[in-house]
Each structure stands twice: as structure tokens, then as C-alpha cells.
Amino acid sequence: MRDWVAMSEPINTLPLVFDGPRRAKKPPRHLADMTSDERKAAVEAAGLPGYRAKQVSHHYFSRLVEEPGDMTDLPLELRKPLTSALLPTLMTPLHTLEADGGTTRKTLWKLHDGALIESVLMRYPSRVTMCVSSQAGCGMACPFCATGQGGLQRNMSAGEIVEQVLTGSRSLARGEVPGGPGRVSNVVFMGMGEPMANYSAVMDAVRRLTDRAPDGLGMSARGVTVSTVGLVPRMRQLAEEGIPVTLALSLHAPDDELRNELVPINTRWSVGEAVEAAWSYARVTKRRVSIEYAMIKDINDQAWRADLLGDVLTSYGDWGWVHVNLIPLNPTPGSKWTASRPEDEREFVRRLEAKGVPTTVRDTRGREIDGACGQLAAATV
Ligand code: SAH
């Protein structure tokens, strides 16, 4: 068993085995890293009139414009200095892969220091979901997840997180995604990384997404889902933020013995502690939480485990605080595991529903482009 850090220690000082090497050079500070007051101060520090920051925010978040030439309401001589102060280039696209007739698009990005990350846009008839990365790599080492195999490179900045959403918004606005012009309606922190291990940048990003225009994108907090392996102190902190995002807990097993293997952080915070924190989140925020469960053939998909999962969840009452989202396991390189048989999946659903737990099976998008859950490895080949 691993020797986990003491509870009082902040998550971002987890031992190197989970935290990976640190890179010295921080990403450039971007408008999306800052509050509206901080933007004003940054513009003034560059010797420019502070009130111009609002105009640049309007271009970035509302008009989805970032080229100085397109900011025609700004005096010509101020456009370049303002954009260099607030809109440094954070990332460059290396390539985009498409599936589902172009309605699923995975983009590989290179960050300023060469770190690689991926984001996925998924267009459905009534919504557009952007799946974003919050860390380059991941330190959580879940054995069935491709991202977990490479370790953590570094945390991403709020600007880098938000920019993934904005690039999706711009493609939609330009009509590049089949289905006509559209908007991003949902953001899920289910790309690379463990969002709760990069808490402050993730929260800043959530604020930018939900801040009213022109200070942010003006999205509904309900449309934002933060998914976690179960970093309990951070889940509790999230409940106190007053931003009712949807919380997803990646459980994958109802018993500690198996979860210790599938989600190694379980040796630090057990099934009971993680589920209790999820329930408490639902109680405080009145938001139904989602329990994520990757269905792995003959590993976690037995009927008795469905019963046990049902019992664990209903022990906190059946007031609709939770639903289970089953994810057929997506293949990852070198993994010995495969997705459950359809009949085992159906039986799993049936048993959970018999206990009164609403259960859905996730429609997995983007498998063929390695863009589905757990497949993001940011490989360049
Ligand atoms: N670190 C966070 C968010 C990223 S993963 C978390 O673990 O919640 C998003 C979801 O995909 C998680 O529920 C994760 O457990 C799941 N996942 C990872 N690998 C998968 C795979 N190979 N097949 C299906 N789901 C997977």
C-alpha cells in the first residue's frame, strides 16, 4: 500500500510520484486568469488606460475575437499593446481529429513550454459539450486510464483551461462544426488531469466561464461538470464556493479492496469517505451528483457489486441526490481490460434501478479518434 500524505497537507504537495517534475516557467498571464479589477490593473501597469480592459474582455468573451485588427472600436495604436498585455498566445493547435461526421472533434494542443494536452468538442442535437483538460498529464495513476499512465507534467493555468472552451466557441461561431453556428452550452472537466488537484486554477476557470459577459462567458454553473477521483477535502471546499457546478465522482467500485486498485487515491480517501463527501455536496448545493463507473469486464461488473453500489448510495437516503453514469470501458494502449458484456451491463443497470438509483449508460463519443473518456494521452503520432 502506498504511504499517503497527511490529511492536513495541501493536495498540490502530494509526493513526486504523483506530482511529477515541476516546470519552472509559468504560462503567460492572460485575461482569463484575471478578475475584471486585475485586468484593469494589468492594463494600467502597461501604461495604458485601465477602462480599455473591459473592451478587450468584451472582444474576447462576447465577440470571440482576439486579433487586434478586429477590435475596431479601439484606437489603432492601442490595439497591439492591449492585446499583448491581456491576450498572449497560450497554446497552438497541432492537429484536430474528427468523428461522427465532424460533430466530435479532438484537438491536440501544444502549450508554451511544449507540454501537450487535448480537448474534445461534442455536438449533440440540443447541446454542445466541451471536454477540457485541467492538467498536462495526471498524477492519479488509475490503471485503466491512458492519461494516468504518463504521470503528471504540470498544472494548467485558468487561462489555458478557459482558452480550450473559447477555441471551441470560435469554431462553432465560424460555422466550422456541422449543424450551423452554435454556442458551447456545457463544459466537463473530464479531459486530462485531476481538476481537484489543481483547485485554484480550476475554480478561476469556472468563474470565468460563469461570470457574466463581458467579464466572462456567462454560462450557467449547472452546465459545468467537475469530475474527481475523490479528493475529499477539495470536494468539501467546492461545496462552500457558492457556485453550484455539477459534481461527478469517479467511483468505479463500491468496495475499498477493488477501488484501491482501480483508483489508487482510494488508499487515502476510502469509498465511504468519498461517497459521504459527494452526498454532502448534494445536500449543500441541492445539485444531484453523478457517480461515474467504468464498466470493466469481470472486474467491477458483477451483479453483487451492483447491489453493493446500490446499498452504499441509498444508505444516504433516496431523495434523488445521486445518479449513476455507467461508462463502457474505452480501450487504452497496453490495458488488459475490456468493456463489460452487454448482458452484464443490462443486469447492472437493472439491479441499481431496482434499488431506486437512477442509472444511465453513457453514450461514448470519439472512441475511434482516441477522444473518449480515459483515452486522452496527447500522443503526437
Ligand atoms: N480525473 C478526473 C477527470 C478525468 S477522467 C476523474 O477521474 O474523474 C473522466 C472520466 O473518465 C472519469 O470518470 C474516469 O474515471 C473515466 N475514465 C478513465 N479512463 C477510462 C476508460 N478507459 N474508459 C472509460 N472511462 C474512463
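So the values come out like this:
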{"quantity": "Every residue from the range 139-170 that is open to solvent by 40 Å² or more (accessible area, probe 1.4 Å) and closer than 20 Å to PRO27 by Cα", "calculated": "GLN153, ASN155"}
{"quantity": "Of all residues making up the range 346-358, the number that are of a type in the set (D, E, K, R) and under 9 Å from ALA303 (Cα atoms)", "calculated": "2"}
{"quantity": "Only listed residue being away from the ligand (no atom under 11 Å from the Cβ) and under 20 Å from ARG208 (Cα atoms), chosen from SER126, SER157", "calculated": "SER157"}
{"quantity": "Count - residues of the range 52-85 that are under 19 Å from ALA213 (Cα atoms), surrounded by fewer than 19 Cβ atoms within 10 Å (Cβ to Cβ) and among the small types (Gly, Ala, Ser)", "calculated": "1"}
{"quantity": "Residue tally, condition within 27 Å of GLY179 (Cα to Cα) and assigned to a helix (DSSP H, G or I), over the range 52-111", "calculated": "9"}
{"quantity": "Selection status of GLU44, farther than 19 Å from ARG212 by Cβ, touching a Phe, Trp or Tyr at 6+ places or on another chain (Cβ under 8 Å) and open to solvent by 40 Å² or more (accessible area, probe 1.4 Å)", "calculated": "no"}
{"quantity": "Top-ranked residue in the range 193-214 [being open to solvent by less than 40 Å² (accessible area, probe 1.4 Å) and part of a loop (DSSP other than H, G, I, E, B); ranked as nearest to the ligand (Cβ to nearest atom)]", "calculated": "GLU194"}
{"quantity": "Selection within the range 210-257 - in contact with a helix residue (DSSP H, G or I) (Cβ under 8 Å, 6 or more places away or on another chain) and of a type in the set (Ser, Thr, Tyr)", "calculated": "THR210, SER220, SER227, THR228, THR246"}
{"quantity": "Members of the range 237-251 found to be in a loop (DSSP other than H, G, I, E, B) and open to solvent by 10 Å² or more (accessible area, probe 1.4 Å), listed by number", "calculated": "GLU240, GLU241, GLY242, ILE243, PRO244"}
{"quantity": "Single residue of GLY317, GLY374 found to be within 13 Å of the ligand (Cβ to nearest atom) and at pLDDT below 90", "calculated": "GLY374"}
{"quantity": "Test result for ARG234, under 30 Å from HIS58 (Cα atoms), in a helix (DSSP H, G or I), among the charged types (D, E, K, R) and touching a residue at least 24 places away in the same chain (Cβ under 8 Å)", "calculated": "no"}
{"quantity": "Number of the condition not met by TRP304 [criteria: (1) within 16 Å of the ligand (Cβ to nearest atom); (2) aromatic (Phe, Trp, Tyr); (3) open to solvent by 10 Å² or more (accessible area, probe 1.4 Å)]", "calculated": "(1)"}
{"quantity": "Leading residue by the ranking (surrounded by the most Cβ atoms within 10 Å (Cβ to Cβ)) among those in the range 171-190 that are out of contact with any helix residue (DSSP H, G or I) (no Cβ under 8 Å at 6 or more places or on another chain) and at negative phi", "calculated": "MET190"}
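Residue-by-condition table, conditions (1) open to solvent by less than 50 Å² (accessible area, probe 1.4 Å); (2) assigned to a loop (DSSP other than H, G, I, E, B); (3) in contact with a Phe, Trp or Tyr (Cβ under 8 Å, 6 or more places away or on another chain):
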residue	(1), (2), (3)
ASN260	yes, no, no
GLY272	yes, no, no
SER290	yes, no, no
ILE299	yes, yes, yes
LEU308	no, no, no
TYR316	no, yes, yes
GLY320	yes, yes, no
THR332	yes, yes, yes
GLU368	no, no, no
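The values are calculated or read from the model by the stated rules, or taken from the named source; none is laboratory data. All of these numbers come straight from a predicted model, not from anything done at the bench. Using ideal geometry, Cβ is built from the backbone for each residue, glycine included, and neighbour counts are taken over all protein chains shown. For accessibility, only protein heavy atoms count, side chains too; no ligands or nucleic acids. Shrake-Rupley method; radii C 1.70, N 1.55, O 1.52, S 1.80 Å.
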